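To keep things clear, I will list the structure first and then write my remarks on it.
Read the figures in this text as sums done on the coordinates, not as results from a lab. Because the structure is a prediction, the values reported are computed rather than measured. No Cβ is skipped: glycine too gets one built from the backbone with ideal geometry, and neighbour counts run over all protein chains shown.
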Amino acid sequence: MTLRLTPDDDGIARAAHLLGQGRLIAFPTETVYGLGADATDSAAVAGIYAAKGRPAFNPLISHVQDLAAAQREGVFEPLALRLAERFWPGPLTLVVPLAQGSSVCDLARAGLASIGLRVPSHPVARALLARFGRPIAAPSANRSGHVSPTLASHVLADLEGAIDAVLDGGPAAVGLESTIVAVVDDHAYWLRPGSITRDDIERTIGQPVLDVVSGGDENAPVSPGRLASHYAPATPVRLNATRIAPGEAVLAFGSDLPAGAEHALIVQNLSPTANLTEAATHLYIYLRNLDKLQASAIAVAPIPDKGLGEAINDRLMRAAAPKTLCN
Ligand code: TXA
Ligand code: MG
C-alpha cells in the first residue's frame, strides 16, 4: 500500500519519519517528482534501484537543504560556488568531487568519486529536507525508462505498492528534469540540458561550458545516464513531423499544425502560442496521454532548438531512441 500524504506539517513530518526508517517516499520538486530515500543509508538507497528497476551503475542526485549542506558532501571550486550561489535553490544539479567525510553512501553515487548535488526550490521539498536533516537521494519517481512524473498520479501509475508514500504537491512547475553541470579542475561540463540554459550557465561563469566527448579528455567527468534511451513512451515516437499519417497521434507546437493533422487520431498542442516554458510543463503529461491511445506513432512537430528548446528536444530525442539504458 502506498500512502497519500498531504503537503502540510503533518504529512511532511510523517514523510520525514518514514525516510528515517529507511522507507521510500515520492515528493514534489519544481522539476519532476523525486523518489526519495535517506542518502546515507545504503539499504534504503538499494530500495530505490529495486523499485525503479534502475541499473546500479547509474548514480543518483543527492538533494540537500542549502549550500552549506552541499559543501559537507562535495568540494566546491570557485566555478561551482558561483553557479550554486546564482541558481540555488533551483533546477540545477552540480556534479562535483566528493568531499572527505561525505555522509552519502557509495551506492547513491554508483561508486563514483564525484557526487551530484541539488538544492530544490519547491517549498514541500525544502520543508521535507529541513525536517529530515540529512541528504535525500532521489531520481525521478518513475519506473526506469518511463516518462518522468509531473503529477502525484503519474508516480502512482508507475510505483503504486512499490513505495511507501507520496507527498502530493500538485503539478511540477518546470516539468523537465534539472540541468546538470559537472565542475572539474575549473572547467564546467554540460551533462544534461534543462530549464537553466547553457547561455545562463556561460553568462554566470564567464567561460564556455564544455561538451563531454567519449574517448576525449581523460579528466572529463563521466556521464553514466547520458548514454541512453530514456523518458520513453511505449508508442513509437517520430520527430520533426511535418506530414501526418492517418492513425498517428500528433504532439503539435505553435499555431501551424503539420500537414495532414486533420487525419490524426488526436492532436495535443504543447503550446499553441509557441511558448517553450509552457511546452516544457506539458511535455510529459501529453506524452503519457498520447501513449494510452494505441496510435501507430506519436508524431512530434518541429520545436526550435534555442534556450529551453534544447532541453525539450533532448528529452524528445531520448523518447524516440531505441531503448537501452534508462533512468
Ligand atoms: O530534476 C531532477 O534532476 C530530478 C529531481 C527529482 O531532482 N531528478 C532526476 O534524477 O532527474 P535522475 O536520476 O532521473 O537523473 C539524474 C542524472 C542521471 O543521468 C545520473 O547519471 C546523473 O544525474 N548523475 C548523478 N550523479 C552523477 C555523477 N556523480 N556523475 C555524473 N552524473 C551523475
Ligand atoms: Mg529519471
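Take the alpha-carbon centre of the range 156-218, take the same for the range 1-64, and report the distance between them in whole Å.
Each part reduced to its Cα centre gives a spacing of 19 Å.
Could you work out how far helix 123-132 tilts from the main Cα principal axis of the chain, as a 0 to 90 degree angle to the nearest 10?
Helix 123-132 and the main axis of the chain meet at about 30 degrees.
Cα axis of helix 276-290 to longest principal axis of the chain: angle in degrees, 0 to 90, nearest 10?
70
Of His17, Gly47, Leu151, which is farthest on the positive side of the dipole of the chain, counting Cα position, with +1 on Lys and Arg Cβ, -1 on Asp and Glu Cβ, and the Cα centre as origin?
Going by the Cα projections, it comes out as Gly47.
Would you mind putting 186-193, 5-12 in packing order, based on average other-beta-carbon counts within 10 Å, highest first?
Ranked from most to least packed, the peptides come out as 186-193, 5-12.
How large is the dipole of the chain about the Cα centre if only Lys and Arg carry +1 and Asp and Glu carry -1, each at its Cβ, rounded to the nearest 20 debye?
With only Lys, Arg, Asp and Glu charged at Cβ, the dipole is about 560 debye.
Cα axis of helix 9-20 to longest principal axis of the chain: angle in degrees, 0 to 90, nearest 10?
For 9-20 against the chain, the angle is about 70 degrees.
Taking every eigenvalue of the Cα gyration tensor of the range 238-320, multiplying by 5 and rooting it, what semi-axes result, largest first, whole Å?
Listed largest to smallest, the semi-axes of the range 238-320 are 19, 13, 11 Å.
Given the range 1-114 reduced to its alpha-carbon atoms as identical point scatterers, what log10 I(q)/I(0) does the Debye formula return at q = 0.20 Å⁻¹?
-1.22
Set the Förster radius R0 to 56 Å, insert the Cβ-Cβ distance between Ser296 and Asp66 as r into 1/(1 + (r/R0)^6), and round the FRET efficiency to 0.05.
The computed FRET efficiency comes out at 0.70.
For the range 15-132, what is the charge dipole size about the Cα centre, in debye to the nearest 20, if Lys and Arg each add +1 at the Cβ and Asp and Glu each add -1 at the Cβ?
Its charge dipole is roughly 200 debye.
Using 0.36 nm per residue, how much length does the chain from Asp256 to Gln100 gain when fully extended, once their Cα-Cα distance is taken away?
Roughly 50.7 nm would be gained on extension.
Determine the gain in length on full extension of the stretch Gln21-Ala56; use 0.36 nm per residue of separation and subtract their C-alpha separation, reporting nm with one decimal.
10.4 nm
Please list the equivalent ellipsoid semi-axes of the range 119-194, computed as the square roots of five times the alpha-carbon gyration tensor eigenvalues, in descending order and whole angstrom.
25, 17, 12
If you wrap the range 97-152's Cα atoms in a convex hull and average its projection over all directions, what's the area in nm²?
5.1
Considering only Leu5, Thr281, Ala173, whose Cα is most displaced toward the positive end of the charge dipole of the chain, charges sitting on Cβ of Lys, Arg (+1) and Asp, Glu (-1)?
It is Leu5.
Across 10 Å bins from 0, what is the distribution of all Cα-Cα pair distances for the chain, in whole percents?
Answer for the chain: a P(r) of 6, 27, 35, 23, 8, 1, 0 percent.
When the Debye formula is applied to the Cα atoms of the range 60-130, each taken as the same point scatterer, what base-10 log of I(q)/I(0) results at q = 0.12, 0.15, 0.18 Å⁻¹?
With one equal scatterer per Cα and no solvent, log10 I(q)/I(0) is -0.27, -0.43, -0.62.
Taking only the alpha-carbon atoms of the range 36-177, what semi-axes of the equivalent ellipsoid follow from 5 times the gyration tensor eigenvalues under a square root, in whole Å, largest first?
24, 18, 13
Can you give the Kirkwood hydrodynamic radius for the range 231-274, in Å, rounded to one decimal and based on Cα pairs?
That comes to 10.8 Å for the range 231-274.
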